[in-house]
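Working notes for the structure below.
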Amino acid sequence: LVVAFLVAYHQNKQLIGEKGLLPCKLYLQNVKKYFKGKINLDALSYAPTIIWFLDWSDMDSILDYLSLCGLATSAFVLITGCANMVLMFVLWVLYLSLVNVGQIWYSFGWESQLLETGFLGIFLCPLWTLSRLPQHTPPSSIVIWGFRWLIFRIMLGAQRIKIRGDRCWRDLTCMDYHYETQPVPNPIAYFMHRSPWWFHQFETLVNHFIELVVPFFLFLGRRMCIVHGLLQILFQVLLIISGNLSFLNWLTIVPSIACFDDISLGFLFSSRRGGVKERVAQMQLGGAAGEQLPPRYGCYVRKVVNISFGLLIAYLSIPVVLNLLNSRQVMNTSFNPLRIVNTYGAFGSITKERTEVILQGTSSLDPNDPAAVWEEYDFKCKPGDLKRRPCFITPYHYRLDWLMWFAAFQTYEQNEWIIHLAGKLLAQEEETLSLMATNPFAGRAPPRWIRGEHFKYKFSRPGGKHASEGRWWIRKRIGPYFPPVNLQGLKKFYEDRSWPYPAPD
(Lines give C-alpha, C1' and ligand atoms only; values in the text may rest on other atoms or scores of the structure.)
Protein backbone atom coordinates (compact mmCIF):
# COMPACT_ATOMS: atom_id res chain seq x y z
CA LEU A 1 0.00 0.00 0.00
CA VAL A 2 2.87 2.39 0.67
CA VAL A 3 4.07 1.97 -2.92
CA ALA A 4 0.53 2.17 -4.35
CA PHE A 5 -0.20 5.47 -2.56
CA LEU A 6 3.25 6.81 -3.48
CA VAL A 7 2.56 6.09 -7.16
CA ALA A 8 -0.84 7.75 -6.80
CA TYR A 9 0.66 10.88 -5.23
CA HIS A 10 3.31 11.26 -7.93
CA GLN A 11 1.12 10.52 -10.97
CA ASN A 12 -2.58 11.08 -10.27
CA LYS A 13 -2.64 14.81 -11.00
CA GLN A 14 -1.04 14.26 -14.41
CA LEU A 15 -3.33 11.35 -15.29
CA ILE A 16 -6.72 12.12 -13.71
CA GLY A 17 -6.33 15.59 -12.18
CA GLU A 18 -7.83 18.92 -13.29
CA LYS A 19 -5.55 18.98 -16.35
CA GLY A 20 -4.99 15.24 -16.50
CA LEU A 21 -5.05 13.06 -19.58
CA LEU A 22 -8.43 11.64 -18.46
CA PRO A 23 -9.81 14.05 -15.81
CA CYS A 24 -11.68 12.21 -13.07
CA LYS A 25 -13.95 15.23 -12.48
CA LEU A 26 -15.26 14.86 -16.03
CA TYR A 27 -15.66 11.12 -15.47
CA LEU A 28 -17.73 11.63 -12.32
CA GLN A 29 -19.82 14.29 -14.04
CA ASN A 30 -20.60 11.84 -16.84
CA VAL A 31 -21.53 9.13 -14.33
CA LYS A 32 -23.76 11.60 -12.51
CA LYS A 33 -25.36 12.67 -15.79
CA TYR A 34 -26.00 9.03 -16.73
CA PHE A 35 -27.91 8.58 -13.47
CA LYS A 36 -30.13 11.62 -14.16
CA GLY A 37 -27.88 14.13 -12.47
CA LYS A 38 -28.17 12.62 -9.01
CA ILE A 39 -25.65 11.12 -6.61
CA ASN A 40 -27.90 8.22 -5.72
CA LEU A 41 -27.32 4.60 -4.76
CA ASP A 42 -26.93 3.61 -8.41
CA ALA A 43 -24.19 6.19 -8.97
CA LEU A 44 -22.44 5.16 -5.76
CA SER A 45 -22.66 1.51 -6.74
CA TYR A 46 -21.27 2.21 -10.21
CA ALA A 47 -18.31 4.21 -8.88
CA PRO A 48 -17.89 3.79 -5.10
CA THR A 49 -15.67 6.68 -3.99
CA ILE A 50 -15.73 9.22 -1.17
CA ILE A 51 -14.91 11.90 -3.75
CA TRP A 52 -18.67 12.07 -4.45
CA PHE A 53 -19.08 13.83 -1.09
CA LEU A 54 -16.15 16.25 -1.41
CA ASP A 55 -15.81 19.68 -3.02
CA TRP A 56 -14.71 19.22 -6.64
CA SER A 57 -13.53 22.80 -7.10
CA ASP A 58 -9.92 21.71 -6.55
CA MET A 59 -9.71 18.09 -7.67
CA ASP A 60 -5.90 18.09 -7.63
CA SER A 61 -5.89 18.84 -3.91
CA ILE A 62 -8.46 16.11 -3.25
CA LEU A 63 -6.32 13.56 -5.07
CA ASP A 64 -3.23 14.71 -3.19
CA TYR A 65 -4.98 14.60 0.21
CA LEU A 66 -6.31 11.08 -0.37
CA SER A 67 -2.91 9.86 -1.54
CA LEU A 68 -0.97 11.52 1.28
CA CYS A 69 -3.41 10.32 3.93
CA GLY A 70 -3.10 6.77 2.60
CA LEU A 71 0.68 7.08 2.33
CA ALA A 72 1.07 8.32 5.91
CA THR A 73 -1.29 5.70 7.36
CA SER A 74 0.24 2.77 5.47
CA ALA A 75 3.77 3.97 6.34
CA PHE A 76 2.77 4.06 10.02
CA VAL A 77 1.53 0.47 9.83
CA LEU A 78 4.67 -0.66 7.98
CA ILE A 79 7.15 1.05 10.30
CA THR A 80 5.49 0.29 13.64
CA GLY A 81 4.07 -3.12 12.80
CA CYS A 82 0.82 -2.05 14.49
CA ALA A 83 -2.59 -2.05 12.86
CA ASN A 84 -6.24 -2.34 13.77
CA MET A 85 -9.50 -2.74 11.89
CA VAL A 86 -10.12 1.00 11.85
CA LEU A 87 -6.80 1.86 10.20
CA MET A 88 -7.08 -0.97 7.67
CA PHE A 89 -10.63 0.05 6.80
CA VAL A 90 -9.51 3.64 6.24
CA LEU A 91 -6.73 2.47 3.91
CA TRP A 92 -9.14 0.27 1.99
CA VAL A 93 -11.68 3.08 1.53
CA LEU A 94 -8.99 5.54 0.42
CA TYR A 95 -7.56 3.23 -2.23
CA LEU A 96 -11.02 2.11 -3.38
CA SER A 97 -11.88 5.79 -3.86
CA LEU A 98 -8.85 6.31 -6.10
CA VAL A 99 -9.26 3.11 -8.12
CA ASN A 100 -12.89 3.87 -8.95
CA VAL A 101 -12.04 7.23 -10.52
CA GLY A 102 -8.76 6.07 -12.07
CA GLN A 103 -10.39 4.76 -15.28
CA ILE A 104 -7.97 2.93 -17.59
CA TRP A 105 -4.95 3.94 -15.51
CA TYR A 106 -6.29 1.75 -12.68
CA SER A 107 -7.88 -0.98 -14.79
CA PHE A 108 -5.46 -3.80 -14.08
CA GLY A 109 -5.75 -6.92 -11.96
CA TRP A 110 -3.33 -5.88 -9.24
CA GLU A 111 -5.59 -2.95 -8.26
CA SER A 112 -8.50 -5.31 -7.50
CA GLN A 113 -6.08 -7.77 -5.91
CA LEU A 114 -4.75 -5.04 -3.60
CA LEU A 115 -8.29 -4.08 -2.62
CA GLU A 116 -9.26 -7.70 -1.92
CA THR A 117 -6.07 -8.26 0.08
CA GLY A 118 -6.70 -5.05 2.00
CA PHE A 119 -10.28 -6.06 2.75
CA LEU A 120 -9.09 -9.41 4.14
CA GLY A 121 -6.49 -7.53 6.18
CA ILE A 122 -9.22 -5.58 7.98
CA PHE A 123 -10.47 -8.78 9.63
CA LEU A 124 -6.97 -9.99 10.41
CA CYS A 125 -6.46 -7.17 12.93
CA PRO A 126 -7.92 -6.34 16.36
CA LEU A 127 -10.66 -3.73 16.48
CA TRP A 128 -8.99 -0.90 18.43
CA THR A 129 -5.66 -1.85 19.96
CA LEU A 130 -2.39 -0.93 18.25
CA SER A 131 -0.30 -3.52 20.08
CA ARG A 132 2.10 -5.58 18.01
CA LEU A 133 0.94 -8.66 19.89
CA PRO A 134 -2.68 -8.04 20.94
CA GLN A 135 -4.11 -10.44 23.52
CA HIS A 136 -7.39 -12.32 23.19
CA THR A 137 -7.69 -11.49 19.45
CA PRO A 138 -5.93 -14.31 17.57
CA PRO A 139 -6.50 -14.28 13.79
CA SER A 140 -9.60 -16.24 12.89
CA SER A 141 -9.09 -19.41 10.86
CA ILE A 142 -11.86 -18.07 8.60
CA VAL A 143 -9.67 -15.08 7.69
CA ILE A 144 -6.60 -17.28 7.22
CA TRP A 145 -8.56 -19.45 4.80
CA GLY A 146 -9.79 -16.28 3.11
CA PHE A 147 -6.17 -15.49 2.22
CA ARG A 148 -5.56 -19.08 1.11
CA TRP A 149 -8.66 -18.96 -1.06
CA LEU A 150 -7.28 -15.76 -2.62
CA ILE A 151 -3.93 -17.27 -3.60
CA PHE A 152 -5.71 -20.39 -4.87
CA ARG A 153 -7.88 -18.29 -7.21
CA ILE A 154 -4.97 -16.12 -8.34
CA MET A 155 -2.88 -19.10 -9.39
CA LEU A 156 -5.61 -21.28 -10.83
CA GLY A 157 -7.18 -18.33 -12.67
CA ALA A 158 -3.82 -17.45 -14.21
CA GLN A 159 -3.25 -21.01 -15.37
CA ARG A 160 -6.73 -21.54 -16.79
CA ILE A 161 -6.64 -18.31 -18.81
CA LYS A 162 -3.27 -19.34 -20.25
CA ILE A 163 -4.36 -22.81 -21.31
CA ARG A 164 -7.62 -21.47 -22.78
CA GLY A 165 -5.91 -18.47 -24.35
CA ASP A 166 -2.71 -18.51 -26.35
CA ARG A 167 -1.67 -21.74 -28.03
CA CYS A 168 1.98 -21.05 -27.19
CA TRP A 169 1.25 -21.99 -23.57
CA ARG A 170 0.20 -25.44 -24.77
CA ASP A 171 3.12 -25.66 -27.23
CA LEU A 172 5.53 -24.61 -24.46
CA THR A 173 6.89 -21.75 -26.60
CA CYS A 174 5.50 -18.67 -24.81
CA MET A 175 8.72 -18.01 -22.91
CA ASP A 176 10.54 -17.72 -26.24
CA TYR A 177 8.83 -14.32 -26.55
CA HIS A 178 7.81 -13.19 -23.08
CA TYR A 179 11.03 -11.58 -21.84
CA GLU A 180 11.30 -9.39 -24.93
CA THR A 181 7.63 -8.49 -25.35
CA GLN A 182 6.50 -8.03 -21.72
CA PRO A 183 5.26 -4.50 -20.92
CA VAL A 184 8.40 -3.14 -19.26
CA PRO A 185 11.45 -5.45 -19.51
CA ASN A 186 14.36 -5.13 -17.10
CA PRO A 187 18.09 -5.80 -17.69
CA ILE A 188 17.83 -9.42 -16.52
CA ALA A 189 15.08 -10.07 -19.09
CA TYR A 190 17.57 -8.98 -21.77
CA PHE A 191 19.81 -11.93 -20.94
CA MET A 192 17.02 -14.38 -20.04
CA HIS A 193 15.57 -13.90 -23.53
CA ARG A 194 18.64 -15.57 -25.01
CA SER A 195 18.28 -18.76 -22.96
CA PRO A 196 18.19 -21.98 -25.06
CA TRP A 197 14.82 -23.27 -26.29
CA TRP A 198 14.82 -26.23 -23.93
CA PHE A 199 15.21 -23.90 -20.93
CA HIS A 200 12.24 -21.80 -22.10
CA GLN A 201 10.17 -24.99 -22.40
CA PHE A 202 11.23 -26.00 -18.89
CA GLU A 203 10.17 -22.55 -17.61
CA THR A 204 6.74 -22.97 -19.18
CA LEU A 205 6.30 -26.42 -17.64
CA VAL A 206 7.30 -25.06 -14.22
CA ASN A 207 4.77 -22.26 -14.67
CA HIS A 208 2.01 -24.80 -15.37
CA PHE A 209 3.05 -26.89 -12.36
CA ILE A 210 3.08 -23.89 -9.99
CA GLU A 211 -0.24 -22.51 -11.21
CA LEU A 212 -2.21 -25.73 -11.78
CA VAL A 213 -0.89 -28.44 -9.43
CA VAL A 214 0.63 -26.58 -6.47
CA PRO A 215 -2.56 -24.66 -5.47
CA PHE A 216 -4.20 -27.94 -4.47
CA PHE A 217 -1.42 -28.51 -1.90
CA LEU A 218 -3.42 -26.10 0.29
CA PHE A 219 -5.93 -28.86 1.03
CA LEU A 220 -3.44 -31.68 1.72
CA GLY A 221 -2.47 -30.94 5.31
CA ARG A 222 -0.02 -28.70 7.16
CA ARG A 223 3.22 -29.84 5.52
CA MET A 224 1.94 -29.60 1.97
CA CYS A 225 0.39 -26.23 2.77
CA ILE A 226 3.82 -24.98 3.87
CA VAL A 227 5.37 -26.41 0.69
CA HIS A 228 2.73 -24.52 -1.27
CA GLY A 229 3.70 -21.28 0.46
CA LEU A 230 7.41 -21.81 -0.16
CA LEU A 231 6.94 -22.61 -3.85
CA GLN A 232 4.60 -19.69 -4.46
CA ILE A 233 6.92 -17.20 -2.78
CA LEU A 234 9.92 -18.54 -4.70
CA PHE A 235 7.92 -18.31 -7.94
CA GLN A 236 6.97 -14.69 -7.24
CA VAL A 237 10.59 -13.79 -6.41
CA LEU A 238 11.69 -15.20 -9.78
CA LEU A 239 9.02 -13.11 -11.52
CA ILE A 240 10.15 -10.01 -9.62
CA ILE A 241 13.74 -10.59 -10.77
CA SER A 242 12.81 -11.07 -14.44
CA GLY A 243 10.35 -8.23 -15.05
CA ASN A 244 8.78 -4.95 -13.92
CA LEU A 245 5.21 -6.08 -13.23
CA SER A 246 4.34 -3.21 -10.89
CA PHE A 247 3.65 -4.43 -7.33
CA LEU A 248 1.73 -7.49 -8.59
CA ASN A 249 4.24 -10.15 -7.56
CA TRP A 250 5.10 -8.48 -4.25
CA LEU A 251 1.40 -8.37 -3.49
CA THR A 252 0.91 -12.03 -4.42
CA ILE A 253 3.45 -13.02 -1.77
CA VAL A 254 1.11 -11.67 0.95
CA PRO A 255 -1.64 -14.36 0.79
CA SER A 256 1.07 -17.02 0.46
CA ILE A 257 2.25 -16.13 3.97
CA ALA A 258 -1.08 -17.48 5.26
CA CYS A 259 0.19 -20.95 4.35
CA PHE A 260 2.60 -20.90 7.32
CA ASP A 261 1.83 -21.34 11.01
CA ASP A 262 3.59 -19.90 14.09
CA ILE A 263 6.05 -22.79 14.35
CA SER A 264 7.22 -22.53 10.75
CA LEU A 265 7.69 -18.76 11.01
CA GLY A 266 9.34 -18.78 14.44
CA PHE A 267 12.88 -18.48 13.03
CA LEU A 268 12.05 -14.95 11.85
CA PHE A 269 11.75 -13.65 15.43
CA SER A 270 14.32 -13.13 18.15
CA SER A 271 14.50 -15.55 21.07
CA ARG A 272 15.74 -12.90 23.49
CA ARG A 273 14.08 -12.55 26.87
CA GLY A 274 10.87 -10.54 26.71
CA GLY A 275 10.73 -10.88 22.94
CA VAL A 276 7.81 -11.83 20.74
CA LYS A 277 8.50 -15.58 20.90
CA GLU A 278 8.58 -15.60 24.68
CA ARG A 279 5.36 -13.59 24.97
CA VAL A 280 3.57 -15.84 22.47
CA ALA A 281 4.75 -18.91 24.41
CA GLN A 282 3.37 -17.44 27.63
CA MET A 283 0.02 -16.70 25.99
CA GLN A 284 -0.12 -20.26 24.64
CA LEU A 285 0.78 -21.74 28.03
CA GLY A 286 -1.99 -19.75 29.64
CA GLY A 287 -4.47 -21.07 27.12
CA ALA A 288 -3.23 -24.66 27.50
CA ALA A 289 -3.57 -24.43 31.29
CA GLY A 290 -7.23 -23.65 30.89
CA GLU A 291 -6.84 -20.09 32.10
CA GLN A 292 -10.32 -18.66 32.33
CA LEU A 293 -10.83 -15.25 30.86
CA PRO A 294 -13.68 -13.02 31.95
CA PRO A 295 -16.53 -12.94 29.43
CA ARG A 296 -15.81 -10.30 26.86
CA TYR A 297 -18.66 -8.84 24.88
CA GLY A 298 -16.20 -7.85 22.15
CA CYS A 299 -15.12 -11.47 21.66
CA TYR A 300 -18.66 -12.55 20.90
CA VAL A 301 -19.12 -9.64 18.50
CA ARG A 302 -15.87 -10.58 16.76
CA LYS A 303 -17.01 -14.19 16.33
CA VAL A 304 -20.24 -13.00 14.73
CA VAL A 305 -18.28 -10.63 12.48
CA ASN A 306 -15.87 -13.40 11.40
CA ILE A 307 -18.69 -15.82 10.60
CA SER A 308 -20.52 -13.11 8.67
CA PHE A 309 -17.28 -12.34 6.84
CA GLY A 310 -16.89 -16.01 5.86
CA LEU A 311 -20.46 -16.20 4.58
CA LEU A 312 -19.92 -13.00 2.56
CA ILE A 313 -16.76 -14.36 0.94
CA ALA A 314 -18.53 -17.65 0.14
CA TYR A 315 -21.49 -15.84 -1.43
CA LEU A 316 -19.32 -13.47 -3.51
CA SER A 317 -17.18 -16.40 -4.66
CA ILE A 318 -20.07 -18.04 -6.54
CA PRO A 319 -19.70 -16.01 -9.80
CA VAL A 320 -15.91 -16.27 -9.50
CA VAL A 321 -16.03 -20.08 -9.37
CA LEU A 322 -18.52 -20.17 -12.25
CA ASN A 323 -16.15 -17.99 -14.25
CA LEU A 324 -13.25 -20.37 -13.58
CA LEU A 325 -15.34 -23.27 -14.85
CA ASN A 326 -16.57 -21.35 -17.89
CA SER A 327 -14.86 -22.02 -21.21
CA ARG A 328 -15.19 -18.27 -21.91
CA GLN A 329 -13.37 -17.31 -18.74
CA VAL A 330 -12.59 -13.63 -18.29
CA MET A 331 -9.65 -12.44 -16.23
CA ASN A 332 -9.14 -9.54 -13.83
CA THR A 333 -12.84 -8.88 -13.42
CA SER A 334 -14.86 -7.77 -10.41
CA PHE A 335 -18.40 -9.04 -9.97
CA ASN A 336 -19.19 -6.59 -7.18
CA PRO A 337 -18.59 -2.81 -7.05
CA LEU A 338 -16.45 -3.00 -3.91
CA ARG A 339 -14.02 -5.50 -5.51
CA ILE A 340 -14.06 -7.77 -2.47
CA VAL A 341 -13.83 -11.09 -4.34
CA ASN A 342 -12.48 -10.99 -7.89
CA THR A 343 -11.32 -13.18 -10.72
CA TYR A 344 -7.68 -13.00 -11.76
CA GLY A 345 -5.37 -13.96 -14.58
CA ALA A 346 -2.20 -12.77 -16.29
CA PHE A 347 -0.68 -13.13 -19.75
CA GLY A 348 -3.55 -15.10 -21.22
CA SER A 349 -1.95 -14.25 -24.55
CA ILE A 350 1.64 -13.42 -25.40
CA THR A 351 2.60 -10.90 -28.06
CA LYS A 352 5.15 -12.39 -30.44
CA GLU A 353 6.61 -9.06 -31.60
CA ARG A 354 7.29 -5.91 -29.63
CA THR A 355 6.03 -2.67 -31.12
CA GLU A 356 6.51 0.79 -29.64
CA VAL A 357 4.96 4.18 -30.23
CA ILE A 358 7.65 6.85 -30.36
CA LEU A 359 6.52 10.46 -29.96
CA GLN A 360 8.49 13.00 -31.97
CA GLY A 361 8.33 16.79 -32.16
CA THR A 362 9.63 19.33 -34.65
CA SER A 363 9.98 23.11 -34.81
CA SER A 364 9.57 23.07 -38.59
CA LEU A 365 6.71 25.11 -40.06
CA ASP A 366 5.88 22.28 -42.47
CA PRO A 367 5.71 18.78 -40.96
CA ASN A 368 5.85 17.26 -44.43
CA ASP A 369 9.14 18.97 -45.26
CA PRO A 370 11.75 16.23 -45.86
CA ALA A 371 14.30 18.50 -44.19
CA ALA A 372 12.26 18.77 -40.96
CA VAL A 373 14.22 17.64 -37.91
CA TRP A 374 12.14 15.38 -35.63
CA GLU A 375 13.32 14.94 -32.05
CA GLU A 376 12.18 12.09 -29.81
CA TYR A 377 10.63 12.13 -26.35
CA ASP A 378 11.76 9.37 -24.00
CA PHE A 379 9.51 7.88 -21.35
CA LYS A 380 10.63 6.99 -17.84
CA CYS A 381 11.02 3.27 -18.39
CA LYS A 382 9.51 1.94 -21.59
CA PRO A 383 11.89 1.21 -24.51
CA GLY A 384 12.76 4.21 -26.65
CA ASP A 385 16.41 5.25 -26.86
CA LEU A 386 18.23 2.21 -28.24
CA LYS A 387 21.23 2.78 -25.99
CA ARG A 388 19.34 3.24 -22.74
CA ARG A 389 19.61 0.27 -20.41
CA PRO A 390 16.23 -1.31 -19.50
CA CYS A 391 15.14 -0.06 -16.10
CA PHE A 392 14.58 -1.95 -12.87
CA ILE A 393 11.74 -0.27 -10.92
CA THR A 394 9.55 -2.96 -9.36
CA PRO A 395 7.52 -2.56 -7.14
CA TYR A 396 7.17 1.06 -8.33
CA HIS A 397 5.01 1.59 -11.38
CA TYR A 398 4.84 4.10 -14.23
CA ARG A 399 1.22 3.99 -15.35
CA LEU A 400 1.73 5.98 -18.56
CA ASP A 401 4.56 3.73 -19.72
CA TRP A 402 2.39 0.67 -19.10
CA LEU A 403 -0.52 2.07 -21.15
CA MET A 404 1.86 3.00 -23.97
CA TRP A 405 2.61 -0.73 -24.30
CA PHE A 406 -1.08 -1.44 -24.88
CA ALA A 407 -1.45 1.51 -27.24
CA ALA A 408 1.35 0.14 -29.41
CA PHE A 409 -0.68 -2.87 -30.55
CA GLN A 410 -3.92 -0.91 -30.82
CA THR A 411 -4.73 2.30 -32.71
CA TYR A 412 -4.74 5.90 -31.56
CA GLU A 413 -8.51 5.96 -32.14
CA GLN A 414 -8.78 3.33 -29.39
CA ASN A 415 -6.52 5.41 -27.15
CA GLU A 416 -7.62 9.01 -27.54
CA TRP A 417 -5.63 10.00 -24.48
CA ILE A 418 -2.45 9.69 -26.56
CA ILE A 419 -3.60 12.62 -28.72
CA HIS A 420 -4.35 14.47 -25.49
CA LEU A 421 -0.78 13.71 -24.43
CA ALA A 422 0.54 15.08 -27.75
CA GLY A 423 -1.37 18.34 -27.18
CA LYS A 424 0.12 18.74 -23.72
CA LEU A 425 3.61 18.18 -25.09
CA LEU A 426 2.93 20.82 -27.73
CA ALA A 427 2.05 23.22 -24.91
CA GLN A 428 4.99 22.01 -22.78
CA GLU A 429 2.79 21.57 -19.70
CA GLU A 430 5.15 20.94 -16.81
CA GLU A 431 2.82 18.48 -15.04
CA THR A 432 2.70 16.24 -18.10
CA LEU A 433 6.41 16.60 -18.83
CA SER A 434 7.09 15.24 -15.33
CA LEU A 435 5.84 11.87 -16.64
CA MET A 436 8.52 11.90 -19.34
CA ALA A 437 12.20 11.08 -18.98
CA THR A 438 13.36 13.68 -21.51
CA ASN A 439 12.05 16.83 -23.15
CA PRO A 440 14.11 17.54 -26.29
CA PHE A 441 12.69 21.09 -26.35
CA ALA A 442 13.67 21.99 -22.79
CA GLY A 443 14.85 25.61 -22.60
CA ARG A 444 13.55 26.26 -26.12
CA ALA A 445 10.32 27.21 -27.80
CA PRO A 446 7.68 24.42 -27.77
CA PRO A 447 7.49 22.17 -30.83
CA ARG A 448 5.08 23.21 -33.58
CA TRP A 449 4.13 19.64 -34.46
CA ILE A 450 3.99 16.27 -32.68
CA ARG A 451 3.64 12.92 -34.40
CA GLY A 452 3.57 9.27 -33.38
CA GLU A 453 5.80 6.80 -35.17
CA HIS A 454 5.36 3.03 -34.99
CA PHE A 455 8.46 0.84 -34.62
CA LYS A 456 9.19 -2.84 -34.12
CA TYR A 457 11.72 -3.38 -31.34
CA LYS A 458 13.95 -6.38 -30.65
CA PHE A 459 16.64 -7.02 -28.08
CA SER A 460 20.13 -6.78 -29.49
CA ARG A 461 22.21 -9.93 -29.16
CA PRO A 462 24.59 -9.90 -26.16
CA GLY A 463 28.13 -9.72 -27.48
CA GLY A 464 26.89 -8.94 -30.99
CA LYS A 465 27.53 -5.96 -33.25
CA HIS A 466 24.75 -3.75 -31.90
CA ALA A 467 25.53 -4.61 -28.27
CA SER A 468 29.19 -3.66 -28.85
CA GLU A 469 27.95 -0.24 -29.95
CA GLY A 470 26.10 0.13 -26.65
CA ARG A 471 22.64 -0.70 -28.02
CA TRP A 472 20.27 -2.73 -25.92
CA TRP A 473 17.63 -2.61 -28.67
CA ILE A 474 17.42 -2.64 -32.43
CA ARG A 475 14.37 -1.31 -34.21
CA LYS A 476 12.69 -1.06 -37.57
CA ARG A 477 10.11 1.52 -38.58
CA ILE A 478 6.64 0.14 -39.33
CA GLY A 479 4.98 3.40 -40.33
CA PRO A 480 3.07 6.34 -38.84
CA TYR A 481 1.00 5.73 -35.68
CA PHE A 482 -0.80 9.08 -35.83
CA PRO A 483 -0.18 11.97 -38.25
CA PRO A 484 1.50 15.23 -37.24
CA VAL A 485 -0.77 17.42 -35.10
CA ASN A 486 -0.50 20.99 -33.84
CA LEU A 487 -2.33 22.82 -31.05
CA GLN A 488 -4.60 24.83 -33.31
CA GLY A 489 -5.65 21.72 -35.19
CA LEU A 490 -6.53 19.95 -31.93
CA LYS A 491 -8.86 22.67 -30.65
CA LYS A 492 -12.09 21.02 -31.82
CA PHE A 493 -10.83 17.62 -30.67
CA TYR A 494 -10.54 19.03 -27.14
CA GLU A 495 -13.88 20.82 -27.28
CA ASP A 496 -15.74 17.69 -28.38
CA ARG A 497 -14.43 15.81 -25.32
CA SER A 498 -14.78 18.71 -22.85
CA TRP A 499 -11.06 18.54 -22.13
CA PRO A 500 -9.31 21.75 -21.02
CA TYR A 501 -7.35 23.28 -23.87
CA PRO A 502 -3.61 22.92 -23.15
CA ALA A 503 -1.83 26.13 -22.27
CA PRO A 504 1.91 26.64 -21.79
CA ASP A 505 2.92 26.84 -18.12
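The values are calculated or read from the model by the stated rules, or taken from the named source; none is laboratory data. What you see is a predicted model, and the numbers here were worked out from it, not measured in a lab. All Cβ positions, even for glycine, are placed from backbone atoms using ideal geometry, and neighbour counts span all protein chains on display. Side chains are part of the model used for accessible areas, which takes the heavy atoms of the whole protein and leaves out ligands, DNA and RNA. Shrake-Rupley method; radii C 1.70, N 1.55, O 1.52, S 1.80 Å.
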- Provide the packing ranking of 60-69, 260-269, i.e. peptides ordered by the mean count of other C-beta atoms within 10 Å per residue, highest first. 60-69, 260-269
- Query: Hey, any idea what % of the chain's accessible area is carbon plus sulfur with a 1.4 Å probe?
  - Reply: 63
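Tally Lys/Arg at +1 and Asp/Glu at -1 over every other residue whose Cβ is under 14 Å from the Cβ of D58; what's the total?
Working: positive: K13, K19, K25; negative: E18, D55, D60, D64.
With Lys, Arg at +1 and Asp, Glu at -1, the neighbours total -1.
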- Which angle from 0 to 90°, rounded to the nearest 10, does the C-alpha axis of helix 85-99 make with the longest principal axis of the chain? 20
- Message: Not counting ligands, DNA or RNA, and with a 1.4 Å probe, what is T80's accessible surface area in Å² rounded to the nearest 10?
- Response: 40
- Using Cα atoms only, what is the angle between the long axis of helix 109-124 and the major principal axis of the chain, expressed in degrees (0 to 90) to the nearest 10? 20
- Item | Gyration tensor over alpha-carbon atoms, region 1-143, equivalent ellipsoid semi-axes in Å | 30, 17, 13
- Task: Just grab the label-to-label distance for V301 and L230, each label 7 Å out from Cα along the Cβ direction, in nm (one decimal).
- Result: 4.2
- Message: Please list, in order, the residues from region 162-179 whose amide nitrogen is less than 19 Å from a point placed 7 Å along the Cα→Cβ vector of R328.
- Response: 162-166
- Message: With the crude spin-label approximation of a point 7 Å out along Cα→Cβ, what separation in nm comes out for S498 versus A72?
- Response: 3.3
- Scan the chain and hand back the longest stretch that contains none of the trypsin sites (Lys or Arg not before Pro) lying in DSSP loops with at most 11 other Cβ atoms within 10 Å. 133-271
- Query: So what is the diffusion coefficient of region 354-497 in µm² per second by Stokes-Einstein at 37 °C and 0.692 mPa s, using a Kirkwood Rh over Cα pairs?
  - Reply: 204
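Solvent-accessible area per residue for the chain at a 1.4 Å probe radius, Å²?
With all protein chains present, the chain gives 48 Å² per residue.
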- Extension gain V213-V321, at 0.36 nm per residue separation less the Cα-Cα distance, in nm? 37.2 nm
- Query: What residues of region 193-210 lie in the reach of a label at A467, counting those whose backbone N is under 12 Å from a point 7 Å from the Cα along Cα→Cβ?
  - Reply: 193-195
- Message: Using only the alpha carbons of the chain, what is the convex hull's orientation-averaged projected area in square nanometres?
- Response: 28.2
- Note on the structure: Debye calc, one equal point scatterer per Cα of region 132-346, no solvent, log10 I(q)/I(0) at q = 0.08, 0.15, 0.17 1/Å comes to -0.39, -1.09, -1.28
- Note on the structure: Here the gain from full extension of L238 to C82, 0.36 nm per residue of separation minus their alpha-carbon distance, amounts to 53.2 nm
